[in-house]
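Have a look at the structure below before the remarks.
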Amino acid sequence: MITSAQMRAARALLNIDQKTLAGLAGLSVPTIQRMESSSGNVRGVVDSLTKVVEALDFAGVDLISDGANSPEGGRGVRLKSKTPKP
């Protein structure tokens, strides 16, 4: 699951616009706009959601879900460490 707030925050961390995210995910700009205008969890075709999550992952964003290892808890986004983990 990904929330619309996570999508917007991820784009902000990457300093990209909706058009760029659409290109990275292989989706249309209106699809990204619809996803980001959702309240709460993004609703849409599972394939489209998967493409967005994979594009953000490839670009270097870690999506943090409820209950994930995060010192502060809750949902959010964070940039991945550039250092490989042992």
Q: Could you look at region 1-53 and say what percent of its accessible area is carbon and sulfur, using a 1.4 Å probe and all protein chains?
A: 56 percent
Q: Using only alpha carbon pairs under 8 Å that are at least six residues apart, calculate the relative contact order of region 2-55 and give it in whole percent.
A: 46 percent
**Q.** Formal net charge of residues neighbouring S4 (Cβ-Cβ distance under 10 Å; K, R +1; D, E -1)
**A.** +2
Q: Enumerate the calculated ³J(HN,Hα) couplings along region 45-56 in order (Karplus 6.51 cos²θ - 1.76 cosθ + 1.60, θ = phi - 60°), each rounded to whole Hz, writing x wherever the residue is Gly or Pro.
A: 5, 4, 4, 5, 4, 4, 4, 5, 4, 5, 5, 5
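How do the peptides 39-50, 16-27 rank, highest first, by the average count of neighbouring beta carbon atoms within 10 Å per residue?
Result, highest mean first: 16-27, 39-50.
The values are calculated or read from the model by the stated rules, or taken from the named source; none is laboratory data. Because the structure is predicted, anything quoted here is derived from the model rather than measured. Heads up, the Cβs are rebuilt from the backbone with ideal geometry, glycines too, and the neighbour counts pull from every protein chain shown. Areas reflect the complete protein model, heavy atoms only, side chains present, ligands, DNA and RNA absent. Shrake-Rupley method; radii C 1.70, N 1.55, O 1.52, S 1.80 Å.
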